[in-house]
Amino acid sequence: MRVLVTGLSTFWGGRLAQALEARSDVEVIVGLDTRDPRLPLERTEFVRADSSYSILARIVRAAQIDTVLHTHLIVDSTQASGRAAHEINVIGTMNLLAAAGSAGSPVRKVVVKSSALVYGSNYRDPYMFREDMSRTRAPHTNVERTLVEVEAFLRDFAEDNPHVGVTLLRFANVLGDELDTPIATALRMPVVPEILGFDPRVQFVHEDDVVGALMYATGHDIPGIYNVAGNGTMPWSEVCAIVGKRRFALPPLLTNYAIEPLRMMRLLRLPPETLMWLRHGREIDNDRYKKAGFNYKYTTSGTVEAFARGLRLAKTVGDKNPTYRYQREVEDFFRHSPAVIRSLD
Amino acid sequence: MPDTPDRPATIDLAGLDEHAGALLDPLVDEAVLAGEPGRDLVRLRPSPEPVPPIEGERRSDVDRWGRSEHVRDVARQIYDPLYRYWHRVEWEGFEHVPTEGGALLVSNHAGAIPSDAPAIMHGVETQLGRPVYGLAENLFRAIPGLGTMWSRLGGVAAHPDNAYRLLHDEQQLALVFPEGTKGTGKHYSQRYQLHRFGRGGFVEIAMRSGVPVIPIAVVGSEEAMPILWKSNRLAKLLNIPYFPVTANMLVMGPLGIVATFPAKLRIRVLPPVHFNLPPNQERYSRARVMDESEHIRRLIQDALYDMLRTRRSVWFG
């Protein structure tokens, strides 16, 4: 297998490249990003490039890539401005798929990490979303709009390229020790926000299951759309109780405007899509991916419990992961110098 | 070592994947065959079931529908005096409510704040000890405080997929009022005149889920909170289905916004309606659905007239 990973410097790109390195049937891993990788990698080739079409098409052909792992989708609007999110999600995916589908392209599999944000969060929603259901209201946040657009591209691509297996994974909200999301940030605060009068049913997926799910899709031929989420839901108040935090209420009316001062003071980092989620919650049906053979490691309650334990540990010992700094020369030495003995069987 | 040749110690290798299991199996069988009698053998066996995911301890009993048995229990205790002494609820034909398996309870709906829903849920839950989920307008979910409370008390948004999961997958009892807000929002002069039963969606759900419909007729809820006047303009302004002025408000003042009159509630459960159709079909004949829907509406309407014929007093039944 010769794999191209987009967004190598994002949390997921890095974790995925590490997991791919451990597999002996993966010959080549090429990672793409504009920033330096943030995780130490053994044999992944890092290419500092943006996702313009001509570069992608050249890389795909030159490295004879047969599998594309598209992890570089912005699913948190605090990470990028609306314009940047559009650039990365919509334009980036468009170029990537064009490169993967160009004449004579060796690509045979595309795996995309999308988000349950495509379903939105609304009081009209069914309590559980299956893969074939669509959202009940048109998206009104930038990130949701771009993700819906990305999925439309992907459908067209799958239709135009029947010889390519396209797997689209929609992940529920992720929790984990190492990941930084608006919800994880909120739960790490001394007091946790809630919206007055709302106690939504929320669902999580553990970060290990996210990596596991992406790896499973890489290693198996399971084209189609799959929801990935831990079993079950629990009320937001219960999540806060397990994490051991008190809650403070945000006003239920005009919430998005009311918290703007708190955002400006950097006391809160809650994007509009998360505010909707704090109001109505969301549950997605994870049955289809189970039937495809994937075994989850954590349920929703297990994910929250693991996160709570991680918080307690971090409270005592601080950050347990030493920070890694990418140094081009050192990394090149390890990868290409004849002096380094590479034992890869 | 205990001498038990027939029962070799078993080690479950839970973490083994299928691949490793396939490699191990023949070796294991050989080892078992080659084993001398009287010696303990270690049988390596890949676990047939995948490892179950790690679960955490729950701090509340809120289920996937947002319902909490604990909250429900407290509510039942508070509501019980109202049920017994205020409305003096009386049932007929209670044996038609199934003690197991899914069923869709279908009833008429009346009163600005309907007293039929809590009475039916309370009665069935206390007598059968099984939960009843009340399907209602999803608008409830959008209201701060009330939406959460409603959900903890067993309210579920009446989305077809929700109803299917409740009835088919979980085989629960679900209560639905096909008249919806047209029933509760009607003027007192139209009391006990059933409105249109929606588009027959409830019949289609019951067919798809393969469960019977249990028609229920309730007398008394119309008089518990009669609507004397409605403001369409205010309703539109507040984006709610109806804005009523009830007799309760005139008699009891502000308390009358929520308090019901002590009308006697009589509930008659009619024999189950079975459809004898295969469940899980993509589509059901529209004509058949409308026929059944109209038939059930007729059954309830006739039962209501029948009950009203024998009713001597609104307050004493």
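The values are calculated or read from the model by the stated rules, or taken from the named source; none is laboratory data. Since the structure is predicted, the reported quantities are computational estimates derived from the model, not experimental observations. Heads up, the Cβs are rebuilt from the backbone with ideal geometry, glycines too, and the neighbour counts pull from every protein chain shown. In case anyone asks, the SASA skips ligands and DNA or RNA and just uses the protein heavy atoms, side chains included. Shrake-Rupley method; radii C 1.70, N 1.55, O 1.52, S 1.80 Å.
Scoring A:75-81, B:200-206 by mean Cβ neighbours within 10 Å over their residues and listing the highest first yields B:200-206, A:75-81. Roughly what percent of Cα-Cα pairs across the stretch A:111-252 reach past 22 Å? When all Cα pairs of the stretch A:111-252 are counted, 46 percent exceed 22 Å.
Diffusion coefficient (Stokes-Einstein, Kirkwood radius over C-alpha pairs, 25 °C, 0.890 mPa s) for the protein assembly as shown: 86 µm²/s, rounded to a whole number.
Measuring nothing but how far apart in sequence close Cα pairs (under 8 Å, 6+ apart) lie, relative to its length, chain A scores a relative contact order of 18 percent.
Over the C-alpha trace of the stretch A:214-266, radius of gyration and Dmax come out as 18.8, 49 angstrom.
Remark on the stretch B:69-310: hydrodynamic radius 18.3 angstrom, per the Kirkwood mean of 1/r across alpha carbon pairs. Sorting B:Leu128, A:Leu168, B:Leu255 by accessible area puts them as B:Leu255, B:Leu128, A:Leu168; the probe is 1.4 Å, largest comes first, and only protein heavy atoms count. The Rg/Rh ratio for the stretch B:161-264, using Cα coordinates for both the radius of gyration and the Kirkwood hydrodynamic radius, is 1.05. Computed as a quarter of the hull surface, the mean projected area of the alpha carbon convex hull for the stretch A:177-302 stands at 8.4 nm². Based on the Cβ-Cβ distance of A:Ala314 and B:Arg283, what FRET efficiency does E = 1/(1 + (r/R0)^6) give at R0 = 51 Å, to the nearest 0.05? Computed FRET efficiency for A:Ala314 and B:Arg283: 0.40. Calculate log10 I(q)/I(0) of chain A for q = 0.08, 0.11, 0.12, 0.14 Å⁻¹, where I(q) comes from the Debye formula with a single equal point scatterer on each Cα and nothing for solvent. Rounded to two decimals, the profile gives -0.39, -0.74, -0.88, -1.19.
The local environment of A:Leu254, defined by Cβ-Cβ distances under 13 Å, has a net charge of 0 under the rule Lys, Arg +1 and Asp, Glu -1.
Using all pairs of distinct alpha-carbon atoms, the Kirkwood hydrodynamic radius of the stretch A:250-338 works out to 18.4 angstrom.
Taking all protein chains as they are arranged and a probe of 1.4 Å, the heavy atoms of A:Ile183 leave approximately 10 Å² accessible to solvent. In the assembled protein chains, A:Ser51 presents an accessible area of approximately 50 Å² (probe radius 1.4 Å).
Cross-link partners for B:Lys230 among the lysines, with Cα-Cα distance under 16 Å and sequence neighbours closer than 8 places in the same chain left out: B:Lys182, B:Lys186.
Per-residue mean of foreign Cβ neighbours for B:161-170 is 2 (Cβ atoms of other chains, 10 Å radius). Across the stretch A:141-188, Cα-Cα pairs more than 15 Å apart make up 62 percent of the total. Check the straight Cα-Cα distances from A:Lys109 and name the lysines below 27 Å, setting aside those fewer than 8 residues away within the same chain. List returned: A:Lys290, A:Lys291, A:Lys297. Expressed as a whole percent, the accessible area of the stretch A:43-169 that falls on carbon and sulfur atoms is 51 (1.4 Å probe).
Here, the stretch A:92-193 has an Rg and a Dmax of 16.7, 55 Å when only alpha carbons are counted. Based on DSSP H segments of at least four residues, each scored -39500 (n - 2.57), chain A has a per-residue ellipticity at 222 nm of -11000 deg cm²/dmol. With a Förster radius of 56 Å applied to the C-beta separation of A:Asp36 and B:Glu95, the computed FRET efficiency comes to 0.15. Of the residues A:Met94, A:Met215, the one with the largest accessible area comes first in the ranking A:Met94, A:Met215, computed with a 1.4 Å probe on protein heavy atoms.
Roughly speaking, to the nearest percent, how much of the stretch B:270-317's 1.4 Å accessible area is carbon and sulfur? Heavy-atom surface of the stretch B:270-317 belonging to carbon and sulfur, 1.4 Å probe: 52 percent. When Rg and the Kirkwood radius Rh are both evaluated on Cα atoms of the stretch A:1-83, their ratio Rg/Rh stands at 0.97.
Each part reduced to its alpha carbon centroid, the stretch A:272-327 and the stretch B:118-183 end up 31 Å apart. Taking all protein chains together, B:Glu179, A:Glu305, B:Glu137 sort by accessible area into B:Glu137, A:Glu305, B:Glu179, largest first [probe 1.4 Å].
Remark: the stretch A:2-335 carries 42 Å² of accessible area per residue (probe radius 1.4 Å; ligands, DNA and RNA excluded).
Convex hull of alpha carbon positions in the stretch A:29-178: directionally averaged projected area 10.1 nm². Taking a Cβ cut-off of under 11 Å around B:Leu175, the surrounding Lys, Arg, Asp and Glu residues balance to a net charge of -2, with basic ones at +1 and acidic ones at -1.
Label sites at A:Arg58 and B:Glu170, each approximated as a point 7 angstrom past Cα along Cα to Cβ, lie 5.7 nm apart. Going from the isolated chain to the complete set of protein chains, the stretch A:181-226 loses at least 10 Å² of heavy-atom accessible area (1.4 Å probe) at A:Gly197, A:Phe198, A:Asp199, A:Arg201. Mind jotting down the distance between the C-alpha centroids of the stretch B:255-270 and the stretch B:199-213, whole Å? That distance is 28 Å. B:Trp86 exposes around 100 Å² of accessible area when a 1.4 Å probe is run over every protein chain in place. Normalising the Debye intensity of the stretch B:198-311 to I(0), with uniform scatterers on Cα atoms only, and taking log10 at q = 0.10, 0.11 Å⁻¹ returns -0.48, -0.57.
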